[in-house]
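Working notes for the structure below.
Please treat every number below as a calculation from the coordinates, not as lab data. The model shown is predicted, which means the values in this text are computed figures rather than measured ones. Positions of Cβ are generated from backbone atoms using ideal geometry, with glycine treated the same way; all protein chains shown enter the neighbour counts.
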Amino acid sequence: MDQETKQLLEENLRLSKDNNVMLNSLVHAKKLNTIYRFVYWSIIILLTIGSYYFIQPYLGTLMSLYSGGATDIQNVGNVKAKLGDQQQIDELLKQLKEN
C-alpha cells in the first residue's frame, strides 16, 4: 500500500470517528429532548387539572347563580301567563286599592 492511500485511509478513519461522536451526541440530545418535552407537557396537564380542582367550587357557585337567574326569568313569564291579559291585571289592582 502506498503512502497516499494509507494517508487517505487514516483521514477517513478519523472522520468516521468524529462522525460517530457527533451522531452519538445527537442521539443523546434527542433522548433528553424527549424526556424534557414529556416533563413539560406533564406539568402543563397537571397544573390544568389542579387549577380546575381549586376553581371548581367557584364555577359551581357561578353556575348555580346563572341557573337561578334563568329560573327567575322563567317564573316571571309564568306569572304573566297565569295573570292573563292586561284587563285582569287592572281588575286585580282595583280590588287591592279598594281593600
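Between Leu8 and Ala29, how high is the FRET efficiency from 1/(1 + (r/R0)^6) when r is the Cβ-Cβ distance and R₀ = 22 Å? Nearest 0.05.
Approximately 0.10, to the nearest 0.05.
Taking just the alpha carbons, could you work out the radius of gyration and Dmax for the stretch 3-73, both in angstroms?
Both quantities, over Cα of the stretch 3-73: 29.9, 99 Å.
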